[in-house]
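Enquirer: Sharing a structure here in structure tokens format.
The values are calculated or read from the model by the stated rules, or taken from the named source; none is laboratory data. Quick caveat: nothing in here was measured; it's all calculated off a predicted structure. Neighbour counts run over all protein chains shown; Cβ positions are idealised from the backbone, glycine included.
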Amino acid sequence: MSFSFLHAADIHLDSPLKGLESYPDAPVEQIRNATRRALDNLVDLAISEAVSFVLLAGDIFDGPWRDYNTALFFAQRMGRLKEAGIRVFLVTGNHDAASTIGKNLSPPDNVRILSKNQPESIYLEELGVTIIGQGYSRRDVQEDLAANYPVGRTDTFNIGLLHTALSGRAGHEPYAPTSLDILASKGYDYWALGHVHQREVVDRDPWIVFPGALQGRHIREEGPKGCTLVLVEDGRVKQAVHHDLDVLRWQLCRVDLDGCECEEHVFGAIRLALEGAADAGDGRPVAVRLELAGRTSLHNLLHDREQQVQEECRTRAVGLGDIWLEKISLRTRPLLENGEVVAPDSPLAGLLRSIEELSLPSSCQDQIPELADMLSKLPPEIKNGEDPIDLGDPEKLRQMQDEVKELLLGRLLRQGEGS
């Protein structure tokens, strides 16, 4: 006997795409409705593939979002699946547990929300399938939910449905932590996971899969997004294939400017990067973050004219397709070290060395009260957004220090050249 099912997760329905709406001429409606259109694509794929059922591994909604039109939209799309005879099985995730609309969701009767209090098993006799799962009763689930899942039946195809970070994944809270040994010990044929927004086939014996988010929402969720279509034959997974469902794609482009000696070379390299990003979008609009790196004689010029460089890049993106520059980061280095371009015993050289040697302690928020007070007054979207200011993160602190150093060094050197 053969059948197929779709495995998706982390829809975050009506979650805003961050970093684009203020961009001139940006397609605001496309941006605002991206997660809805991605869900439509999921429903269309389920119907066109005539799948037996759809699995949603948590975070259908997006935390404290309170617009009940979001729940209505979800229910209507599940209604389309009902009309096609397709059932849906879902577990709640951490964002659903924090969602008012998620707690009061009343979907059509083809949608089954598995228990939040203990593992629940559902047997689909006509397919010979058992689905086992448990959702979140609260946002910060720290216990190993999978440890309490029952051992799989020997006479059915067993699927575990779980919202988890496994043993930990960068950028994701360590909710419902568990190990591959625990999952393997249950004797299931497929583990349908959610929570991690990057697609990952963790293992194939048994199959353990993160399908990734349905739609990228910011630059840390770059690349193709979608779901996994699973084909089962004779009680075994024959294939598990990713399908792109995103309607707008995020792309981080690192541009190596090593050896670039004139602005024409710089913008030529940038144009090639933007053309590559447009191709990677595969016909979709693409939101691009450019990261300019490498050693170049134009290092000081680029940093001194950063705003002008950004406008020039945006101008050159016109005509390359639906491309929007979310941000341009300068990570270049000078051909010569700053101390080599001025007399080594001059006051300016001493000041340059002092700036280069500047290093704030990792606990600078505690040691500099004024800084802690300033940070406490920043709006939440700056401290907790997709590119947050977190001076407790050593890598983020180092990056910010480097940017400040480059700004100071570039301006001092240009003043020195003019004196």
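Enquirer: Of all residues in region 118-149, which are closer than 16 Å to Ile182 by Cα, touching a Ser or Thr at 6+ places or on another chain (Cβ under 7 Å) and in a loop (DSSP other than H, G, I, E, B)?
Expert: Within region 118-149, Gln134, Asp144 meet the criteria.
Enquirer: Taking the stated definitions as given, is Thr178 modelled with pLDDT of 95 or more, assigned to a loop (DSSP other than H, G, I, E, B) and of a type in the set (Val, Ile, Thr)?
Expert: It is true that Thr178 is modelled with pLDDT of 95 or more, assigned to a loop (DSSP other than H, G, I, E, B) and of a type in the set (Val, Ile, Thr).
Enquirer: Are any residues in region 316-330 farther than 22 Å from Asp304 by Cα and either charged (D, E, K, R) or not in a strand (DSSP E or B) (or both), and if so, which ones?
Expert: Scanning region 316-330 gives Val318, Gly319, Leu320, Gly321, Asp322.
Enquirer: Let me ask another. Do you know which of the residues in region 263-311 that are among the small types (Gly, Ala, Ser) and not in a helix (DSSP H, G or I) is surrounded by the most Cβ atoms within 10 Å (Cβ to Cβ)?
Expert: Per the criteria, the residue is Ala287.
Enquirer: Tell me, yes or no, whether region 209-221 has at least one residue that is under 30 Å from Leu301 (Cβ atoms), touching a residue at least 12 places away in the same chain (Cβ under 8 Å) and in contact with a helix residue (DSSP H, G or I) (Cβ under 6 Å, 6 or more places away or on another chain).
Expert: No - not one qualifying residue is present in region 209-221.
Enquirer: Within region 183-227, how many residues are in contact with a His (Cβ under 6 Å, 6 or more places away or on another chain), assigned to a helix (DSSP H, G or I) and at pLDDT 95 or above?
Expert: Residues that pass the stated criteria total 0.
Condition check ((1) buried (at least 16 other Cβ atoms within 10 Å of the Cβ); (2) modelled with pLDDT of 95 or more; (3) not in a loop (DSSP other than H, G, I, E, B)) across all residues:
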residue: Leu6; (1), (2), (3): yes, yes, yes
residue: His12; (1), (2), (3): yes, no, no
residue: Leu20; (1), (2), (3): yes, no, no
residue: Tyr23; (1), (2), (3): no, no, no
residue: Ile31; (1), (2), (3): yes, no, yes
residue: Leu42; (1), (2), (3): yes, yes, yes
residue: Val54; (1), (2), (3): yes, yes, yes
residue: Ile60; (1), (2), (3): yes, no, no
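Enquirer: Hey, Gly152 hits all of (1) surrounded by fewer than 18 Cβ atoms within 10 Å (Cβ to Cβ); (2) modelled with pLDDT of 95 or more; (3) outside any strand (DSSP E or B) but one; which does it fall short on?
Expert: The one condition Gly152 does not meet is (1).
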